[in-house]
Amino acid sequence: MTTETCAPTPALLALLRACDGSIEPRSQGAEARVYDVQLSGVECVAKQRFAKTYRLRELDERLTRSRLSAEARTMVRARKLGVLAPHVVHVDAKESCVYMERIRGCALKEALRSGETTREDLRRFGEEIGVAVAKLHDGGIIHGDLTTSNLMVRDEDGRVVVIDFGLSYPSKLPEDKGVDLYVLERAITAAHPSQTVLFDDILAAYKKTSQMWCSTLNRFAEVRARGRKRSMVG
Amino acid sequence: MAPSDERACTRALGLEGSANKIGVGVVRSDGTIESNPRETYVTPPGSGFLPNDTARHHRARVVDLVRKALREAGVTMGEIDVVAYTRGPGMGAPLTAVAACARTLAGLYDKPMVGVNHCVAHIEMGRLVTGCDDPVILYASGGNTQVIAYNERRYRIFGETIDIAVGNMLDRFARVCGLSNDPAPGYNIEQEAKKGKKFVEGPYGVKGMDVNLSGILTFYKTYAEENLGKGEVTVADLCFSMQETVFSMLVEITERAMAHVNAKDVMIVGGVGCNLRLQEMMAIMARERGGKLYGLDENGRMDDRFCIDNGAMIAHTGLIQYLNGETTPIEETECTQRFRTDEVLVTWRDKAGTKRTAEGSPAAS
Ligand SMILES: Nc1ncnc2c1ncn2[C@@H]1O[C@H](COP(=O)(O)OP(=O)(O)OP(=O)(O)O)[C@@H](O)[C@H]1O
Ligand SMILES: [Mg+2]
């Protein structure tokens, strides 16, 4: 990571100073940088989406705009559905920046890779994730990017917090829910091949929680089968 | 790779014919590609290649190509140590036709055989020619669209298309626009797109690290049928718009996978990887992450000799497998149309990627 590409924009820099924030991002994901800030004494993070210069400008601007609003809107709705997600503090559309509660903890992928997770921990993670995804789906929300990078394990109580709702959208279609689960399954099998029981536990908890588990899991099985059957010529 | 004592080297002959190209290559264990001739079965505009016709083409051309490969390499069958062939994935009839030729050669000259996974061969060829040891790989071709990274002895699929492959989508759109299949429909779309001016916004189908492409094809197809010829939009505009949209999606999921596994370097393989606009976009993305698009030059350029299906990639990968003690008994040399990239146990690499740093938060790196 070069420091040059990590530098916040001048406007954000002013804001970061005003709200007593760190200028070094805590992370640079695919599309956003996340800074630690203090807003009226509360520890927050500022997540700013930056322009992706490989994309055509008009396409990029449209995506940034719609993802920013999807993210803020869904986070609020997710919390109303009883899903553990950061509390939204403020949205600055002009700077493509959302300020939210800071979660103290680490990404689930780091917890899984630390080699310190027991079968019991996995079972608990699986249960919590399955319940959270079921609540989102039953509430008509598709997360859109369920991976072990976008689930955090909170320090205070070890609970799983769902983050990164930038690709979320409202839908009640079994196909969309099925794909959401499929994305999560592959994120786990590819990145954590020896801990795939986690996904079995997630599905089990999902089934227990979701009112519509039957249509969703049927469709999930279909999406999966399509993947296996794809002829892959060329 | 540095040239080494030729006599100390092992040498493989590789045969590839899983789709509409038939290729034969001779590769040495020091990485030298001694020959790599290829021919493409080109169909008339508006039509795709059908399995039986393609197999007939390959059967008719394969013997000449084997002779040519040996002649260009300046070797005889006696100097070949192993015959490698594509086991799958691909179209059944062409795969079987080419495997039959490989079996005949191995039988006649009493050589061992090795069956190779076509997708893994693209990756290994990419690693050989670019010298990039442990990249995240975008494999984009007529039949495949996958984002791959090595992890725990397999090439793991982090993202892929949930419906059709990107090359297939481009080919089908070229047919709608009446573009030629010569040299390749995707190439002609690329040329048209350069002339495009107006961006027609369609759907954008990113699902985490996966993409949904058929919806986009349907959108632009319908749009083309309803609007072309009315003077407001041209074939060039539509090729441009579709290409920008689809490549943005591919670069985006590749970047997401790179962020997920904490990788900096990237490589594009497969026929669609020849597209200069895709290379340009990927190079910008990698540079902005502080990494690099690996290719044959500093800008990550790849060329069709290696991106498009070829015999050398099968020879090279077969040779690695052979040197790791693997041979395929002749009675097991059948083909399989479905053969996923992550089914192959990669015996020739370290357990984790060799260069990848310990995983942790990117901020700590
Ligand atoms: N509320 C939060 N509290 C603490 N850390 C956070 C919070 N939100 C994000 N982070 C950190 O920042 C990283 C990146 O955030 P996030 O996943 O939201 O962005 P991204 O992946 O770059 O975005 P996107 O996929 O929407 O383009 C996370 O992995 C996490 O380490
Ligand atoms: Mg994220």
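The values are calculated or read from the model by the stated rules, or taken from the named source; none is laboratory data. Values in this document were obtained by computation on a predicted structure and should not be read as measured data. Cβ sites come from the backbone with ideal geometry, for glycine too, and all protein chains shown count toward neighbours. When the accessible area is computed, the model is the full protein with side chains, heavy atoms only, and any ligands, DNA or RNA have been set aside. Shrake-Rupley method; radii C 1.70, N 1.55, O 1.52, S 1.80 Å.
Highest average first, the peptides A:187-196, B:306-315, B:145-154 ordered by how many other beta carbon atoms sit within 10 Å of their residues are B:306-315, B:145-154, A:187-196.
Between B:Cys177 and any residue 5 or more places off or on another chain, the built amide H atoms are never under 5 Å apart.
For chain A, modelled as a GNM with alpha-carbon contacts under 10 angstrom, which of A:Ala111, A:Ala134, A:Ala85 fluctuates the most? The residue with the greatest mean-square fluctuation here is A:Ala111. Between the amide H of B:Asp265 and those of B:Val136, B:Lys292, distances stay under 5 Å, these residues lying 5 or more places away or on another chain, with hydrogens modeled in the peptide plane. When chain A is treated as a GNM with alpha-carbon contacts under 10 Å, the residue of A:Glu127, A:Glu222, A:Glu156 showing the greatest mean-square fluctuation is A:Glu156. Counting only other chain Cβ atoms within 10 Å of each residue's Cβ, the peptide B:194-203 averages 1. Close amide H contacts of B:Glu160 (hydrogens built in the peptide plane, cut-off under 5 Å, sequence separation of 5 or more or a different chain): B:Val147, B:Asp210, B:Val211.
Peptides B:273-282, B:333-342, A:145-154 ordered by packing proxy, namely the average of other Cβ atoms within 10 Å per residue, highest first: A:145-154, B:273-282, B:333-342. Ligands, DNA and RNA left out, the accessible area of chain A computed with a 1.4 Å probe is 53% carbon and sulfur.
The alpha-carbon of A:Lys172 sits under 19 angstrom from the alpha-carbons of these aspartates and glutamates, leaving out residues fewer than 8 places away in its chain: A:Glu71, A:Asp138, A:Asp145, A:Asp180, A:Glu222. With a cut-off of 11 Å between beta carbons, the residues surrounding B:Arg71 carry a summed charge of -1, where Lys and Arg count +1 and Asp and Glu -1. How charged is the neighbourhood of B:Thr234? Take every other residue with its Cβ under 12 Å from the Cβ of B:Thr234, and add Lys/Arg as +1 and Asp/Glu as -1. Value of the local net charge: +1. Using C-alpha pairs below 8 Å separated by at least 6 residues, the relative contact order for chain B is 25 percent. Shielding by partners for peptide A:189-198, expressed as the average number of C-beta atoms from other protein chains within 10 Å of each residue's C-beta, is 4.
Cross-link pairs exceeding 31 Å in C-alpha to C-alpha distance, out of B:Lys68/B:Lys351; A:Lys177/B:Lys198; A:Lys177/B:Lys221; A:Lys109/A:Lys208; B:Lys21/B:Lys195; A:Lys47/B:Lys264, comprise B:Lys68/B:Lys351; A:Lys177/B:Lys198. Per-residue ellipticity at 222 nm from helix content only, as computed over the protein assembly as shown with -39500 (n - 2.57) for each DSSP H run of at least four residues, stands at -14000 deg cm²/dmol. Give me the net charge of B:Lys292's neighbourhood, meaning all other residues with Cβ under 12 Å from the Cβ of B:Lys292; Lys, Arg count +1, Asp, Glu -1. With Lys, Arg at +1 and Asp, Glu at -1, the neighbours total -1.
When chain B is treated as a GNM, springs tying every alpha-carbon pair under 10 Å, which of B:Ala60, B:Ala12, B:Ala84 comes out with the largest mean-square fluctuation? Of the options given, B:Ala60 has the highest mean-square fluctuation.
Per-residue shielding of A:26-39, expressed as the average number of other chain Cβ atoms within 10 Å of the residue Cβ, stands at 3. Considering only beta bridges that DSSP places wholly inside the protein assembly as shown, some 75 percent are antiparallel. Rounded to whole numbers, the Karplus 3J(HN,Hα) couplings from phi for segment A:31-36 are 10, 9, 10, 10, 10, 7 Hz, using 6.51 cos²θ - 1.76 cosθ + 1.60 with θ = phi - 60°, and x at Gly and Pro. Helices assigned as whole DSSP H runs in chain B whose Cα atoms extend at least 24 Å along their own long axis and whose mean Kyte-Doolittle hydropathy is -1.0 or higher are found at B:51-73, B:92-109, B:235-261.
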